[in-house]
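Trainee: Structure in structure tokens, see below.
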Amino acid sequence: MGRLRPGAQPPDLIWRDKVGPHFADWLSPGPPTPRPLLATAYFHRSAALTARAARVLGRLREADRYQALAEDIRDAFIKTFVDSRGRVAGDTQTGYLLALAFDLLPSVLARRAADRLAELVAAAGLATGFLGVGLLCPVLSAWGREDLAHALLRRTGAPSWLHQVRSGATTVWERWDGVGAPSMNSFNHYALGSVGEWLYTGVAGIDQAPSSTAYSEVVIRPRPGDLDWAEASHESARGTVRVRWERSPEAFHLHASIPPGARATIHLPGGDTRGVPSGDHRFTLVRGEKA
């Protein structure tokens with residue numbers, strides 16, 4: 001891991017130039033997100049991830065240097081793109097999503113930004129392109145707006161995932177509405193399908209703790225929304241993590257399978273939490289009662 005080259009970064013840490021073929025938030029149906037904001041957010045993300053990787057590898061001097069760089073970029077981002085109300089420049093869904101997902105805001109501004117993101121989603125539905133779409137449902141869920149995340153999942157008009165399904169799609173299109181010459185529209189293009197990660201981690205609820213390696217510490221936290229059931233499995237390095245849940249007016253039922261060598265924390269609706277070892281586990285939460 002070499003030293004940063006002189007001139008390899010902008011002096012004020014706001015990345016305006018040397019961005020190459022910058023497609024920005026490609027094919028967003030909403031207003032454009034400022035490109036310097038996008039590039040600077042990813043500049044911070046790159047520095048922060050590099051610092052984490054260096055620390056894991058025991059290269060502590062490089063870790064400290066890149067962490068300091070990430071913190072300086074964060075300060076520059078706030079000063080340049082964020083006002084005292086938590087409004088992010090451009091006032092776009094993707095701008096708020098990057099700021100929140102990449103931990104670019106202090107807690108007070110983050111709460112205000114999350115509230116503004118919720119307002120934009122409630123007013124316009126989906127208004128993100130390639131860079132924002134994979135963050136949309138996870139960030140809404142993280143800030144307590146699972147209702148909006150599930151509402152987006154259920155949408156059937158363009159732009160939406162179910163619009164593509166109802167239009168006959170068997171794979172995810174590059175463009176939300178599929179309009180465009182074949183040379184400018186892939187009909188098997190994963191980017192907008194990145195909501196699939198949230199279907200596993202959010203709806204089905206399969207995830208791992210931040211400190212976990214290879215699913216040694218499994219987290220099961222289903223977010224049912226208004227769905228009646230969900231089932232998913234993940235082939236981890238330790239074996240299959242499997243979850244099925246279903247609910248009725250009377251009860252919520254969950255079956256989780258945890259692979260050998262792993263432990264799990266299971267979060268049930270209503271706030272009840274259980275720690276369990278590997279193996280099969282079943283829970284029934286009767287409406288009005290604790291599990």
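The values are calculated or read from the model by the stated rules, or taken from the named source; none is laboratory data. As the structure is a prediction and not an experimental result, all values here were calculated from the model. Every residue, glycine as well, gets a Cβ built from its backbone with ideal geometry; the counts of neighbours run over all protein chains shown.
Trainee: Restricting the first residue to the stretch 1-23 and requiring it to be within 20 Å of residue 67 (Cβ to Cβ), which pairs with a second residue that is loosely packed, with under 11 Cβ neighbours inside 10 Å and at pLDDT 50 or above meet a Cβ separation below 9 Å and a spacing of at least six or different chains?
Mentor: Close Cβ pairs satisfying both conditions: 10/17.
Trainee: Within the stretch 200-225, count every residue that is assigned to a helix (DSSP H, G or I) and loosely packed, with under 15 Cβ neighbours inside 10 Å. Break it down into steps so the answer makes sense when it comes.
Mentor: Applying the first criterion (assigned to a helix (DSSP H, G or I)) to the stretch 200-225 yields 200-204.
Now restrict to residues that are loosely packed, with under 15 Cβ neighbours inside 10 Å: none.
So the count comes out to 0.
Trainee: Continuing with this model, one more query. For the condition buried (at least 19 other Cβ atoms within 10 Å of the Cβ) and at pLDDT 95 or above, what is the one hit in 69, 57, 49? If you could, list the steps in order and put the result at the bottom.
Mentor: On the way: 57 fails: buried (at least 19 other Cβ atoms within 10 Å of the Cβ); 49 fails: buried (at least 19 other Cβ atoms within 10 Å of the Cβ).
It is 69.
Trainee: Regarding residue 143, is this residue out of contact with any Phe, Trp or Tyr (no Cβ under 8 Å at 6 or more places or on another chain), surrounded by fewer than 21 Cβ atoms within 10 Å (Cβ to Cβ) and farther than 22 Å from residue 35 by Cβ? Don't jump to the end; show me each part of the working.
Mentor: Numbers: out of contact with any Phe, Trp or Tyr (no Cβ under 8 Å at 6 or more places or on another chain): yes; surrounded by fewer than 21 Cβ atoms within 10 Å (Cβ to Cβ): yes; farther than 22 Å from residue 35 by Cβ: yes.
Here the answer is yes, as residue 143 does meet what is asked.
Trainee: Here are 46, 28: which of them is hydroxyl-bearing (Ser, Thr, Tyr) and without any contact (Cβ under 8 Å) to a residue 12 or more places away in the chain?
Mentor: Details: 28 fails: without any contact (Cβ under 8 Å) to a residue 12 or more places away in the chain.
The conditions single out 46.
Trainee: Which residue out of 85, 16 is basic (Lys, Arg), surrounded by fewer than 17 Cβ atoms within 10 Å (Cβ to Cβ), assigned by TED's automatic domain parsing to the domain that holds residue 126 and part of a loop (DSSP other than H, G, I, E, B)?
Mentor: Details: 16 fails: assigned by TED's automatic domain parsing to the domain that holds residue 126.
Checking each option against the conditions leaves just 85.
Trainee: Among residues belonging to the stretch 174-199 that are buried (at least 17 other Cβ atoms within 10 Å of the Cβ) and among the aliphatic types (A, V, I, L, M), point out the one that is farthest from the chain's Cα centre (by Cα).
Mentor: Of everything passing the filter in the stretch 174-199, 192 is farthest from the chain's Cα centre (by Cα).
Trainee: Can you tell me which of (1) in a helix (DSSP H, G or I); (2) exposed (fewer than 15 other Cβ atoms within 10 Å of the Cβ); (3) in contact with a helix residue (DSSP H, G or I) (Cβ under 6 Å, 6 or more places away or on another chain) is the one residue 165 doesn't meet?
Mentor: If we test residue 165 against (1) in a helix (DSSP H, G or I); (2) exposed (fewer than 15 other Cβ atoms within 10 Å of the Cβ); (3) in contact with a helix residue (DSSP H, G or I) (Cβ under 6 Å, 6 or more places away or on another chain), just (3) comes out false.
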